[in-house]
Amino acid sequence: MSANPHILLVDDEPRFVDSLESILGHYGYVCKKALTGTEAVELLKKHTFDLALLDVALPDMSGCDIAGYIKKSCVQTAVIMLTGIRTVETAVEAMKQGAYDFLTKPLNHELLLKTLEKGIEHHRLKDALASSEQKFRLLAEAAWEGVAFHESGIIVEANKPFLEMFGYGQDDLKAGLRVEDLLASETVKKSAENGLVSAGVSCTGKGRKKDGTALPVEIRFCSMDYNGKPVKVLVVRDLTERIRAEQENLELQKKLAEANKLNALGLMAGQVAHDLNNILTGIVSYPDLLLMQMDKSDKHYEQIQKIQSAGKRAAAVVSDLVAITRGKTQQKTVENINDLVVQYLSSLEHGERLALYSDVAIETSLRMDIWNVCCSTPHIHKVLLNLIGNAVEAVQENGVVRISTENCHFNHPMRDTNDQAQGDEYVKLVVADTGPGIDDKDIDHIFNPFYSTKVMGKSGTGLGLSVVWNIVQDHGGWIEVKDNAPGAMFEIYLPATRDQICQVDLPAGEPVGRGRGERILIVDDQAEQNEVLEIALSGLGYSTYSVTSGEAAIDFVKNEPVDLLLMDMIMGKGLNGRETLETIFKDNPAQKAIVVSGYAKREEIEKTRNLGVSLFLEKPVTLARISAAIQQTLTLN
């Protein structure tokens, strides 16, 4: 192929055309762009192009119409169609009108370059050999396929693609090749039985390479005259890449369908979580008030503690439901995944779990120069808690749980990437066990909320892996589950960052603090929620007030300034929490506030953070926790 071929790019997506021009320019192609069919026709009238890449669907005309124009008026220009999955039939129709081939979006760069080169070369050879002997013209026209002449089953002539496809050379051709050496006997028999040997109709079958490797092929037999005598022609196309691409597409469609199903379940879980958190606030908070007024020797003290403990366990389940919605956003920081693994393995939760399975061994293989990740530390802790906890429970006597980390390049199945071959930088976290593994019937459902293979009520709620899946998605990552033979293996891919870890010294925890009459306004559309907090905080020495709407809160602080706002995010009619804070901050930018909410959308939380609010408490909240948050906020300058 000569240097600097001229290409016409026709597509109505400017970013796609610009990206394609940049890629092809890097490989020496000279490109001109058209965003409509009209622009393309005008450029074809003014310039000469070696090849045109045409999108099938354009705003003013079909790509097939342009292909027809090129066939009539620009015979020197080869045509390759660009199409989406739903328009393949149209692209095939365009090929019948003279297009050389078609490519489906998103484009594989290697296949694109290969097809361009072959398309241009094919078109040039076709033009150059138009007046030569029929044999060479036929071979040139079929340059993308393998073409051979055969007599009585013996190959007498073959083009280069034909020989390369089956792994043979010219010497093998001269020594003698038979059709039965290249095609499986059942394929030849099938062609003969269907009357295809001379009908010129194609069929699929199996080929056989020189080394014995099987080859999926599409074949077509036909007869024609050559040098005044009839000859038989065999045309073969290698279907390996097409079959591989179809399988990959089916797998991707399956993954996308599963992802959409989990997203829908997450939306439902979010609505349930909001209502449950409001209910649980009373179950968790009222025992706090009662216990503050009781002596530990009181006969009801232990029973009330059990009520509160049960409420907290229920709140933990609701917290998992909120995580499933992928709307529970915690602040992300740059972290070293190895540090988070070590912290979890040193945690109380892991120690308690491992104490129940003392014969299980934990092995780690953590890469020393691991890339950093931007993540929510509590969420990654929850991922490790669920995956390692499940693995510890799953392994049999003297089983092993292996945890490893590594740097890798990965192509996210739900994202386009600029480099299909290499992929983007990810950190890979693997948790594998030597247990019985996961049955095929369960593997497609294990990330569904409330789906569990354990004994119901004995271990877990069926939410653990759903939480893991949603947390990984919230971090822009991907999770795969594989057979470890024996056991199961979970591979988590988290986007890597080259940013450095920012060390933050966190203040040590303190006991419940008391107020000195500071004025606190509680804003929640549920009056009973306000009542609980008012009683509790008044008992700690604060002056408390409450309203049940954002509008009422705005009016209140205009007339009676307060030291702190405790703001719910989701309220009934009228302004939500974020909108209320925006209005209040306009008049008083120094106003201090804490968000206390059972559920809020990620976008609302991020907008509230941008207003300057840094503390977000999740309902139901304990007295100790909200007291510590109030003390921390009031002491901030």
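The values are calculated or read from the model by the stated rules, or taken from the named source; none is laboratory data. Since the structure is predicted, the reported quantities are computational estimates derived from the model, not experimental observations. Cβ atoms come from the backbone with ideal geometry, glycine included; neighbour counts cover every protein chain shown. For the accessible areas, the whole protein counts, side chains as well, though only heavy atoms, and no ligand, DNA or RNA atoms are used. Shrake-Rupley method; radii C 1.70, N 1.55, O 1.52, S 1.80 Å.
Observations, loosely collected:
- Each of the peptides 538-548, 15-25, 524-534 was scored by the mean count of other Cβ atoms within 10 Å over its residues; in descending order, highest first, they stand as 524-534, 538-548, 15-25.
- Within-12-Å neighbourhood charge of Gly577 [Cβ basis; K, R +1; D, E -1]: -3
- In this structure the range 6-139 gives 50 Å² per residue of accessible area when probed at 1.4 Å with all protein chains present.
- Counting protein heavy atoms only, the range 519-635 has 49 percent of its accessible area on carbon and sulfur, 1.4 angstrom probe.
- Debye log10 I(q)/I(0) for the range 1-65, one point scatterer per Cα, at q = 0.14, 0.16, 0.25, 0.29 Å⁻¹: -0.37, -0.48, -1.08, -1.30
- Restricting attention to the range 6-139, close to 5% of DSSP beta bridges with both partner residues there are antiparallel.
- Of the cross-linked pairs Lys105/Lys126; Lys96/Lys209; Lys174/Lys209; Lys105/Lys254; Lys296/Lys382, those separated by over 26 Å at the C-alpha level are Lys105/Lys126; Lys96/Lys209; Lys296/Lys382.
- With a cut-off of 14 Å between beta carbons, the residues surrounding Leu345 carry a summed charge of -2, where Lys and Arg count +1 and Asp and Glu -1.
- Carbon plus sulfur fraction of accessible area for the range 6-139, probe 1.4 Å, in percent: 53
- With Cα atoms defining each centre, the range 558-600 and the range 332-407 are spaced 39 Å apart in the structure.
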